[in-house]
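A.B. asks: A single structure is presented below for examination.
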Amino acid sequence: MDVNWNTIDAKWQNKWAENNDHDVDPNEKEKKFITVAYPYPNSPQHIGHGRTYTITDVHSRYLRMKGYNVLFPMGFHYTGTPILGMSKRVQANDTELINAFKTLYNVPEDKIKDFVDPVKIADYFHEEIKAGMIEMGYSIDWRREFTTIIPAYQKFIEWQFRTLKQNNLIVQGNHPVGWCPNDQNPVSQHDTLGDVEPDFTEYVIMKFNIENEIIPIATLRPETLFGVTNLWINPEIVYKKTKVNDEIWIISSECAHKLSFLDKTIEIIGDVKGSELIGKNVKSPISSEEFLILPASFVSATTGTGIVMSVPAHAPYDYQALEDIKNGNTKGMPESIRDQVKAINPITIITTEGFGEVPAEDVIKRMNITNQNDPKLEDATKEIYSKEYYEGKLNQNTDKFSGKRVSFVKDEIKEWFSTSGKSDIILELTNAPVKCRCGSECVVKMLNNQWFLDYGNKEWKEKAHNCFESMSILPNEIRTEFFNVLDWLRERACARQHGLGTRVPWDKDWLVESLADSVIYMAFYIISKFVNAKEILAENMSDEFFDYVFYEKGNSDAVAQKMQITVKKLDEIRKEFLYFYPVDSRHSGRDLVPNHLTFFVLNHVVLFPKENWPKEIVVNGSVLMDGKKMSKSMGNIIPLRDAIKKYGADPIRLSILISAELLQDADFNIESVSGIKNKLEVMLEECKKSKKSECADLEPEDVWIQSRLSHLISEVTESMDKMRFREALHHIVYEFDSELQWFLKRIKAKKRENVTGIMYKILSVRVAMLSPFAPHIAEEMWEQLGNTKMVSKSTWPIQEIQDNNTPVLTESLLSSTMNDIANIIKVTKISPKRIVIYTADSWKSKAYHQILKNVHSGQTDIGTLIKELIANKDTEQIKKDPDFVKKTLKDILSEPTELRDAKMTAGEIDENASISSELTSLIENDYGIKLQVFSEDDQDKYDPKNKARIARPYKPAILIE
Ligand SMILES: [Zn+2]
């Protein structure tokens with residue numbers, strides 16, 4: 001077959017563009033406003049990016065066919081530091097990056113020269129991505145396109161920021177942030193390698209003493225200070241004697257580095273080898289008790305201070321390290337203190353149901369752990385920590401906290417220590433190492449007098465929570481993730497020192513951060529249409545304008561005058577906002593759940609009235625390449641535009657969507673692209689053969705296939721409504737094939753020629769349902785079918801209600817009988833000269849329906865059934881054949897309820913008539929012989945093997961000679 005996909009793609013893309021098919025303005029129809037996270041143009045898009053946008057496009061196209069006025073717009077997010085970082089590398093003549101531009105991204109050399117300007121990089125990839133989106137056939141209203149650095153957008157963001165600040169939701173304060181020491185900038189997900197959000201947690205530092213020096217340890221469980229028996233130090237580490245403000249601390253150099261970002265003055269004054277500290281005694285921060293410092297290999301310089309306290313009763317690592325020493329298995333352990341170590345016993349301070357006297361010992365024995373390097377210790381630790389946290393109660397040896405539950409009293413204990421001056425805090429990245437895109441390792445920094453979005457605000461969270469509760473979230477299982485994010489969310493730095501974007505309106509030294517200027521831009525799609533048409537000018541825009549468009553606040557005459565537009569135009573903009581808002585569906589990848597999508601809702605609930613809050617979020621998983629994660633370093637990235645050139649847009653769209661439902665990772669591979677391509681080419685060929693005409697003189701198989709088609713429509717529509725696109729595609733492209741094959745076999749056997757009408761109907765329905773997924777080839781098929789209008793303008797097929805089940809039951813009787821015959825022939829290896837079918841006696845049919853009725857009402861007891869059937873004159877003959885009831889009951893029980901119900905409503909069908917008239921042609925076609933059909937009670941039947949008596953309804957007896 002010779003299908004030129006690129007030609008077909010271009011043909012239909014041009015037609016859509018010529019007709020402005022995707023330019024959407026308010027009209028009398030009901031609207032749907034479908035949006036997707038806009039791209040950050042620092043590289044061309046690859047197959048992986050294609051998934052979210054393709055899902056959004058399919059969704060838009062489907063809703064359009066359902067009769068909605070669907071707006072699907074697109075913008076480009078220039079804000080942020082990565083592009084700036086790239087331009088700096090080009091300025092520095094970084095050959096690695098320049099080569100990547102040349103070879104990986106195919107950027108022409110004269111363009112690369114311009115890349116010293118970050119905006120030129122963004123512009124270049126912006127156009128590249130846009131071209132790819134057009135080539136993929138996305139039904140975008142390009143009149144509304146914008147970038148986040150145009151003056152009008154900046155005015156919009158200034159309005160957003162001032163409005164948030166007026167509502168006290170942007171606050172100045174001192175808060176910890178993820179930080180790149182090299183860029184001197186806060187970092188969030190979009191600034192890091194691998195797109196990880198720096199996540200950090202607060203550890204309590206307990207200050208133990210040796211004379212005038214402090215040995216600090218960091219812990220998440222300050223309550224366990226009451227159970228300390230010793231400290232652990234790694235003899236291999238060289239510790240730093242460090243001046244921390246006015247105190248001398250002994251800590252790892254990594255700890256000193258971390259502390260220097262946490263509002264402390266740090267000065268390293270000397271080295272102390274870990275081994276030198278072993279055997280020394282330290283004084284408890286809360287009593288006169290002293291503890292030995294002992295060696296342990298599990299102690300790491302990068303966690304906490306590089307020194308840890310040992311709570312052997314509640315920490316499996318500590319318990320095991322002590323055991324290792326007692327057993328003589330620890331290097332660097334001086335003989336002189338061995339006896340002292342032997343005297344150390346665990347001190348139990350928490351009682352938890354399910355654990356014995358020493359919880360750590362319990363778990364270690366259960367898990368068969370025998371040394372401190374056993375990885376199982378991690379699980380042991382997790383188990384004890386979580387159980388003791390939620391269920392544990394503190395013992396009498398915990399001072400005034402005795403009898404209290406650990407989870408309730410933790411903060412109180414923290415507070416108590418901190419007021420005593422014996423403790424401090426350190427913030428640690430929990431997902432370290434996190435690397436900035438510049439390559440530096442990120443830290444936690446205490447940022448002072450900075451601008452923060454007050455995402456810790458309880459009322460704000462509550463409002464967002466309500467919105468999430470009333471929204472549709474697809475798939476629904478992701479909803480709790482949003483609630484979790486809201487729970488842990490705290491103040492978030494919203495200004496940056498470098499990058500592209502908008503200046504903080506009241507503090508022009510700072511720029512609005514990229515996850516703060518990308519949360520309500522869906523509203524800007526309304527405004528950008530008028531900006532791009534030059535009907536409104538950025539220089540005239542003020543907060544009053546946005547207040548009017550979004551809230552109808554203020555005096556329209558005054559606002560219009562200031563904008564230098566008519567009141568009519570101003571009201572048109574306001575009306576257009578009211579028409580399209582709220583967002584009906586927001587699409588994004590799963591990685592944006594903990595940030596963008598949550599912020600999107602948070603900002604909407606405070607910046608817009610309730611009726612304009614978003615209606616739906618749709619989240620999808622990522623795309624794997626041959627089962628592996630796609631990445632530049634793996635070299636398995638296929639640029640989207642290359643793939644389109646090679647395979648055509650539709651095979652790419654389908655293969656991305658057909659391998660997985662929303663949240664699963666989709667697996668992309670070339671074999672599946674070619675498979676789909678071939679399949680679509682076959683369908684196109686079928687369409688060429690079929691022409692538009694009416695369905696006349698319906699035969700039973702026509703009625704049947706129409707009923708199957710109707711069923712297909714209802715299945716696909718249901719899948720589409722739940723956004724189960726994989727399922728829908730399977731139904732459209734593959735699952736209907738077996739039914740179609742049967743139909744074709746039937747019409748061939750009957751040598752029918754008048755089937756164009758019915759074939760046209762089948763193909764039209766399939767093509768129409770395929771068109772949201774494969775818009776180009778579907779238009780081509782639609783045209784081949786003889787239609788003049790475009791399929792994208794047609795309406796979604798509507799299920800025809802079928803109240804007659806008989807054709808479906810008859811057809812399934814025919815196909816199952818054909819299967820039975822084929823199986824007998826296969827097993828007996830006869831080459832048939834005679835095929836005889838016997839249909840069941842009429843009393844059996846009556847009995848069958850009685851049994852069916854009983855099963856339906858839950859009566860399946862054989863004895864009762866037989867009694868009842870014998871009592872009835874119509875069915876008393878089962879006396880002769882009690883086995884019939886057993887077999888029939890088994891037949892019925894093995895069927896799906898749906899089929900049973902269909903049989904119930906259809907009542908008795910005339911099997912003899914159907915088989916005689918419809919099966920004859922099939923037998924003749926398949927075996928070249930004439931079929932003989934007898935009724936079981938036919939006195940003159942040919943039945944040498946006495947087969948007729950075994951016939952049952954829907955299960956005729958067969959004789960083959
Ligand atoms: Zn950096």
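Values quoted throughout were computed directly from the atomic coordinates according to the rules given, and no laboratory measurement underlies them. Here the structure is a predicted model, which is why all the values come from computation and not from measurement. We place every Cβ from the backbone using ideal geometry, glycine too, and count neighbours over all the protein chains shown.
A.B. asks: Taking amide H positions as placed 1.01 Å from N in the peptide plane, with prolines and chain starts having none, which residues 5 or more places from Asp117, or on another chain, fall under 5 Å of its amide H?
C.D. replies: Result for Asp117 returns nothing.
A.B. asks: If you don't mind, another one. Within 10 Å of each residue's Cβ, count the other Cβ atoms and sort Arg653, Arg61 from fewest upward. Don't jump to the answer; show the numbers that get you there.
C.D. replies: Details: Arg653 29, Arg61 25.
Arranged by neighbour count, lowest to highest, Arg653, Arg61 become Arg61, Arg653.
A.B. asks: Between region 83-132 and region 444-494, what is the C-alpha centre distance in whole Å?
C.D. replies: Centre-to-centre (Cα) distance: 35 Å.
A.B. asks: Calculate one ³J(HN,Hα) per residue across region 252-269 by plugging θ = phi - 60° into the Karplus curve 6.51 cos²θ - 1.76 cosθ + 1.60, and present them in order as whole Hz with x for glycine and proline.
C.D. replies: Values, residue by residue: 6, 5, 4, 5, 4, 4, 5, 5, 5, 9, 10, 6, 10, 8, 10, 9, 7, 10 Hz.
A.B. asks: When Leu578, Leu277 are ordered from fewest to most other Cβ atoms inside 10 Å of their Cβ, what list results?
C.D. replies: Leu578, Leu277
A.B. asks: Filter the cross-link list Lys120/Lys508; Lys879/Lys947; Lys155/Lys568; Lys461/Lys529; Lys130/Lys645 down to pairs whose alpha-carbon distance in this structure exceeds 27 Å. Intermediate results must be reported in sequence, preceding the final value.
C.D. replies: Details: Lys120/Lys508 24 Å; Lys879/Lys947 19 Å; Lys155/Lys568 22 Å; Lys461/Lys529 33 Å; Lys130/Lys645 15 Å.
The pairs that break the limit, which is 27 Å between Cα atoms, are Lys461/Lys529.
A.B. asks: Let me ask another. Hey, rough spin-label estimate for Phe483 and Trp142, points 7 angstrom out along Cα→Cβ, what's it come to in nanometres?
C.D. replies: Calculated label separation equals 4.5 nm.
A.B. asks: With each run of n ≥ 4 DSSP H residues scored as -39500 (n - 2.57), what mean residue ellipticity at 222 nm is computed for the chain after dividing by its residue count and rounding to the nearest 500 deg cm²/dmol?
C.D. replies: Working: 36 runs with 410 residues, N = 961.
Computed mean residue ellipticity for the chain: -13000 deg cm²/dmol.
A.B. asks: Taking the Cα of Glu611, stepping 7 Å toward and past its beta carbon, and measuring to each backbone N in region 526-568: which are under 20 Å?
C.D. replies: What the label zone holds, given the 20 Å backbone N cut-off, is 526-527, 546-556.
A.B. asks: Moving on. With r as the distance between the Cβ atoms of Lys628 and Thr860 and R0 = 51 Å, compute the FRET efficiency 1/(1 + (r/R0)^6) and round to 0.05.
C.D. replies: Working: r = 52 Å, r/R0 = 1.01.
After rounding, the FRET efficiency stands at 0.50.
A.B. asks: Still on this structure, I have one more. Pulled fully out, how much extra length does the chain show between Asp943 and Asn540, if you take 0.36 nm times their separation in residues and subtract their Cα-Cα distance?
C.D. replies: Working: separation 403, 0.36 × 403 = 145.08 nm, distance 9.65 nm.
Once the chain is fully extended between Asp943 and Asn540, it gains 135.4 nm.
A.B. asks: How large is ³J(HN,Hα) for each residue in region 855-862, as worked out from phi by the Karplus curve 6.51 cos²θ - 1.76 cosθ + 1.60 (θ = phi - 60°), to whole Hz, x for Gly and Pro?
C.D. replies: 4, 4, 8, x, 9, 10, 7, 4
A.B. asks: Just name one of Ala558, Ser287, Met904: the one whose Cα is farthest towards the positive end of the charge dipole of the chain (beta-carbon charges, Lys/Arg +1, Asp/Glu -1).
C.D. replies: Value: Met904.
A.B. asks: Could you tell me the calculated FRET efficiency between Trp506 and Asn397, based on Cβ-Cβ distance and R0 = 51 angstrom, to the nearest 0.05?
C.D. replies: Numbers: r = 55 Å, r/R0 = 1.07.
Efficiency for this residue pair is about 0.40.
A.B. asks: Suppose R0 equals 56 Å. What FRET efficiency, 1/(1 + (r/R0)^6) with r the Cβ-Cβ distance, do Asp199 and Lys833 give to the nearest 0.05? Let's see the in-between values first.
C.D. replies: Values: r = 78 Å, r/R0 = 1.40.
It comes out at approximately 0.10.
A.B. asks: If you don't mind, there's one more thing I want to ask. For region 624-679, with only Lys/Arg (+1) and Asp/Glu (-1) charged at the beta-carbon, what is the dipole magnitude about the Cα centre, in debye rounded to 20? It would help to have the intermediate numbers written out before the result.
C.D. replies: On the way: 9 positive and 7 negative charges, 57 e Å.
It works out to roughly 280 debye.
A.B. asks: Right, another one. So how strong a dipole does the chain carry about its Cα centre when Lys and Arg Cβ are +1 and Asp and Glu Cβ are -1, to the nearest 20 debye? Mind dumping the intermediate values first?
C.D. replies: Values: 121 positive and 142 negative charges, 245 e Å.
The dipole of the chain has a size of about 1180 debye.
A.B. asks: Relative to the present Cα-Cα distance, how much length would full extension add between Ser470 and Lys11 at 0.36 nm per residue of separation?
C.D. replies: Length difference between fully extended and current span is 160.9 nm.
A.B. asks: What nm distance separates the two modelled labels at Glu335 and Ser556, each placed 7 Å from Cα along Cα→Cβ?
C.D. replies: 9.8 nm
A.B. asks: Now a separate question. Could you give the length gained by full extension between Asp721 and Asn371, i.e. 0.36 nm per residue of separation minus their alpha carbon distance, to one decimal place?
C.D. replies: On the way: separation 350, 0.36 × 350 = 126.00 nm, distance 5.56 nm.
Full-extension gain reported as 120.4 nm.
A.B. asks: For a quick check: with amide H placed at 1.01 Å from N, whose amide H comes under 5 Å from Asn185's, ignoring anything fewer than 5 positions away on the same chain?
C.D. replies: Cys180
A.B. asks: Continuing with this model, one more query. Pop a pseudo-label 7 angstrom from the Cα along the beta-carbon direction at both Gln802 and Asp910 and give the gap in nm to one decimal.
C.D. replies: Inter-label distance under the simple model: 2.1 nm.
A.B. asks: Another one. In whole Å, what is the distance between the alpha-carbon centres of region 32-57 and region 770-824?
C.D. replies: Using only Cα atoms to place each centre, the spacing works out to 32 Å.
A.B. asks: Can you give the angle from 0 to 90° between the axis of helix 775-784 and the longest principal axis of the chain, with both taken from C-alpha atoms, to the nearest 10?
C.D. replies: 20 degrees
A.B. asks: Additional query: List the trypsin sites (Lys or Arg not before Pro) within region 260-308 that fall in a DSSP loop (any state other than H, G, I, E or B) and whose Cβ has at most 13 other Cβ atoms within 10 Å. Don't skip to the answer; put the middle values down first.
C.D. replies: Details: sites: Lys264, Lys273, Lys280, Lys283; in loops: Lys264, Lys280.
Of the trypsin sites (Lys or Arg not before Pro), not one in the loops of region 260-308 has a Cβ with at most 13 other Cβ atoms within 10 Å.
A.B. asks: If amide H atoms are built 1.01 Å from N in the plane of the peptide, which residues on other chains or at least 5 residues away come under 5 Å of the amide H of Leu262?
C.D. replies: Result for Leu262 returns Met446.
A.B. asks: In addition: Have a look at Ile637, Asn540, Val36 and report the one farthest towards the positive end of the charge dipole of the chain, computed about the Cα centre with Cβ charges (Lys/Arg +1, Asp/Glu -1).
C.D. replies: Ile637
A.B. asks: Now for a different question. Could you derive backbone 3J(HN,Hα) for region 196-209 from the dihedral phi with the Karplus parameters 6.51, -1.76 and 1.60 (θ = phi - 60°), listing whole Hz in sequence and x where the residue is Gly or Pro?
C.D. replies: Working through the residues one at a time gives 9, 7, x, 10, 9, 9, 9, 9, 8, 9, 9, 9, 8, 10 Hz.
A.B. asks: List the residues of region 541-558 whose backbone N lies under 18 Å from a point placed 7 Å from the Cα of Lys575 along the Cα-to-Cβ direction.
C.D. replies: Under 18 Å, as judged by backbone N against the label point of Lys575, lie 548-553, 556-557 of region 541-558.
A.B. asks: If the only charges are +1 at each Lys and Arg Cβ and -1 at each Asp and Glu Cβ, what is the size of the charge dipole of region 639-752 around the Cα centre, to the nearest 20 debye? Display every interim value, and only then the final one.
C.D. replies: Values: 20 positive and 21 negative charges, 126 e Å.
Here the size comes out at about 600 debye.
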